[in-house]
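What follows is one structure encoded as structure tokens, with my remarks underneath.
The values are calculated or read from the model by the stated rules, or taken from the named source; none is laboratory data. Since this is a predicted model, take the numbers as computed values, not measurements. Don't worry about glycine lacking a Cβ; one is built from the backbone with ideal geometry, like all the others, and counts go over all protein chains shown.
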Amino acid sequence: MEPKRARESLSVTSVHVLPNDTNNHGTFFGGKLMMYVDNIAAISATRHARSLVVTASIDSVDFLRPIFAGSSVCLEAFVTWSHHTSMEVFVKIIDENMTTGERNLCTTCFLTFVAINENSQPIPVPKVIPENEEEQLLYSSAEKRYLNRKTRRQETKQFTSKLTLRKPWE
């Protein structure tokens, strides 16, 4: 399988934040933003793998700046690194004041996707070739994030195995 350049998976979209997209503070609903994040990341992962993909994890998302109604939100995503069947996708969220043109980085996050076949079985994905400085920075630190996710997943499995499932009426 031939490796692919990170830029080959680049996906970019913009969304106009309308009043019905905001909470009682007049800022963009975090959950709605996360829907856009997952969508753009899935497009990037699909471009890289050229197969069906599923979201395996979303790393922590720290909202650095509020996004207000009337803003435009630009989401940029690309695959930074791959393992055997999984891919790390980096998403950058930038807001733009539509009247002044001022742009600010609001948050970044990493998502992990797994490529699957028509039977929902994991399949191999191409390696990533980083080219520019940002891609190389993300690529060089990706394996450490991968190992942290693996540890976190094991800890989550251990923790959730101890939880009980109750029916709401009990």
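Here is how the numbers come out for the structure above:
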{"item": "Residue match in segment 91-107 (condition: within 15 Å of His48 (Cα to Cα), surrounded by 13 or more Cβ atoms within 10 Å (Cβ to Cβ), touching a helix residue (DSSP H, G or I) at 6+ places or on another chain (Cβ under 8 Å) and of a type outside the set (D, E, K, R))", "result": "yes"}
{"item": "Pairs, first on the phi < 0 side of the Ramachandran plot in segment 83-98, second assigned to a strand (DSSP E or B) and of a type in the set (Phe, Trp, Tyr), C-beta under 6 Å, six or more apart", "result": "Met87/Phe113; Glu88/Trp81; Glu88/Phe110; Phe90/Phe110"}
{"item": "The lone exception for Arg50 - which of (1) surrounded by fewer than 17 Cβ atoms within 10 Å (Cβ to Cβ); (2) within 18 Å of Cys106 (Cβ to Cβ); (3) not hydroxyl-bearing (Ser, Thr, Tyr) it fails", "result": "(2)"}
{"item": "Filter pass, Glu134 being acidic (Asp, Glu), within 26 Å of Glu8 (Cβ to Cβ), without any contact (Cβ under 8 Å) to a residue 40 or more places away in the chain and part of a helix (DSSP H, G or I)", "result": "yes"}
{"item": "Verdict on Ser71 being in contact (Cβ under 8 Å) with a residue 12 or more places away in the chain, buried (at least 17 other Cβ atoms within 10 Å of the Cβ) and either closer than 28 Å to Asn97 by Cβ or not hydroxyl-bearing (Ser, Thr, Tyr) (or both)", "result": "yes"}
{"item": "Lone unmet requirement of (1) modelled with pLDDT of 95 or more; (2) among the small types (Gly, Ala, Ser); (3) under 28 Å from Arg153 (Cβ atoms) for Ser60", "result": "(1)"}
{"item": "Near pairs, Cβ below 9 angstrom, 6+ apart or cross-chain, from segment 39-66 (closer than 11 Å to Glu88 by Cα) to any residue that is in a loop (DSSP other than H, G, I, E, B)", "result": "Ser44/Leu10; Ala45/Val125; His48/Val125; His48/Pro126"}
{"item": "Residues of segment 1-56 satisfying the condition of being among the polar types (S, T, N, Q) and in a helix (DSSP H, G or I)", "result": "Ser9, Asn20, Asn39, Ser44, Thr46"}
